[in-house]
Amino acid sequence: MKAARKCVRDLDMFCKNELFNTSPDQKYGETNAFRQKVMNELFLSNFIYKV
Amino acid sequence: MPLTFGSIISFSPTDSQDTFIHVDGFVKDKVLIKRFDHFDSKLNYSKCLFQIYPAFINTYKKEAQMLRDPRNEYKISYGQKRLNMINNLQEKIVTEFNFNLETFKKVTGQPIHFGQTIQLLHISSNKFLSFKNVEADIERENYKIGLDEFSSDMTIFKFLPCYKHQRESEGVIYLDDSVYIATTNTALNKLSYVHLSNPTAIKLRKFDIAPKEDGAEREENERLIPESQRNEVGKLKYKIEVNVSLESQTRLKINHYTNFHSENINFLECGDIVWLNHSELDATLVCVTEFRNKVFDYKVEFDIGSKITDNLRQFLGNTNGMWIIEHSSYHKGGPVRWDQSYRFKHLSSGMYLSVQKTKKKGENKNYSKIILEKESTSDNVFSFVPVAGAHLAENSSHSPFVAKDAFVIVRHEKSDSVLQGTFDKDTLKKKTAGELEEGRLFANETKPCMVKYGASSEEAAFKIIKANYSEVWETSFLISSFPLLTGFLETVTNMNYVRVMGLEFCYNLKFSRKQVVIEHGQCIYWIR
């Protein structure tokens, strides 16, 4: 449960682009189309909604 | 050959083959021993790889980390003074970082000696192996070992000899040597060693039954567990944990994967993650999952959604079309060569691109079918053939290595055929004889197939596009988070049957397990 809670928190930060930003063009906390695309392709968006 | 700084290595117990120290590094940082002799979608050899770095200086980084501690808040002044202090510290940290980078560049390629301080960077997650000052999960008397994002005193280790002849020689460590890994960071400042726990049996459980329940209530709860899950509970699974022990040490074998190569090199390396883009169709080879009759079916298809953006000149590929280039001996690394054999491992599912011979009903002729396979067999061994028409210097057959963004023909070794696109059944019916003769292919009307090697090979040219580090990290992070989320979802779903420890407040939630599993079956399948 502890790990799942941390995972959901990390995913939340990941979606908001507050986790692992390596590109100088990517501003902290700004939406990124690539991340939304990857989530969609891996069927994760609906899955997280359910969680 | 001596082991050098910058080399990428893996560790395995000296007494067993195909067994390595493995850590996920994204959502879990438990360091465990994993066997690679069976299929597990979560196993990936890149998660066993560590790069050897020298010890770094972290004076200013430590100072900055201390300031984040609320207890040290009084040290931070306010207003302009505060701003100056932060700017000053920032500059010092950047200088320190550059100094550490220079140190790494200087020692890269130099042999490592026993007793020399080193750091081990986990390749997949880009985190340092780190000693944790807390008790281990299985052997409570030992310390935990995990991963840290930044280097510190806790990430410093050293190799020590484990045989007399190693002590008496010049002290240089050779490839495939057996060593002890030691750290001096324990509270007592005593030398302590990386140690493997004894195999510990862990009962598989979907959920815990609250221990305080007694007699009738417990029985009632157990009765409510569905039959299928009741069988799961109680099955044994063996875990070997990697920890740090003050008392005992374990010999570990160093398995050399590859030497250091600068990121600016112009050729592909084993372990690189690529998209296979069919040059004529401008389509990417992807794997699509279909849920039919309660069974998941993998299909290898062409995807036309992946395009090179005009403004950025960057390839935006489909995540389901990311393939890991793996040497036919999975523990071998190094540059990808024209004259050697490789496998394509699908990043999301962990399965191999494979070609199988099948016969159609009522026909004697054999057909090659492109599928995904769990096991690594001779059916999934491919090699790269240079395209005769592509006259790029780095792509020429004179160079023994396959260049990044090279045009190649993907040849299946067992059947001596090449990967190509062909019209699918529906299109064949619709097309006129003239159109078929013209033979022009469109991605949305085609499917991947195998054609005999030698015939019009230029049509079968694929462009290999390497994914950059951040694309790989983002995808791997999401894939790693799947099993945890599924486990969580399953636990929550089961709450109407059994009380989950610490979550009694959810006891009355009513979920339909079947509904959740079917709706999200596709996700769950990827994970399993």
Next item on the list: Kindly indicate which of B:Asp208, B:Asp214, B:Asp282 is over 30 Å from B:Leu120 (Cβ atoms) and modelled with pLDDT of 65 or more.
Entry: B:Asp282
Next item on the list: Keeping to the range B:451-482, report how many residues are away from every other protein chain (no Cβ under 14 Å) and touching a residue at least 40 places away in the same chain (Cβ under 8 Å).
Entry: 11
Next item on the list: Could you tell me which of the residues B:Asp24, B:Asp37 is closer than 30 Å to B:Lys237 by Cβ, within 14 Å of chain A (Cβ to nearest Cβ) and in contact (Cβ under 8 Å) with a residue 12 or more places away in the chain?
Entry: B:Asp24
Note to self: Would you confirm whether or not the range B:60-70 contains a residue that is outside any helix (DSSP H, G or I) and either surrounded by 15 or more Cβ atoms within 10 Å (Cβ to Cβ) or β-branched (Val, Ile, Thr) (or both)?
What the structure shows: no
Margin query: Here is a list: B:Val355, B:Val300, B:Val274, B:Val288. Which entry is β-branched (Val, Ile, Thr), surrounded by fewer than 17 Cβ atoms within 10 Å (Cβ to Cβ) and either modelled with pLDDT of 90 or more or assigned to a strand (DSSP E or B) (or both)?
Written below: B:Val288
Check: Looking at B:Phe114, B:Phe128, which one is in contact with a Pro (Cβ under 7 Å, 6 or more places away or on another chain) and touching a residue at least 12 places away in the same chain (Cβ under 8 Å)?
Finding: B:Phe114
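The values are calculated or read from the model by the stated rules, or taken from the named source; none is laboratory data. Everything quoted here is computed from the prediction, not taken from an experiment. Don't worry about glycine lacking a Cβ; one is built from the backbone with ideal geometry, like all the others, and counts go over all protein chains shown.
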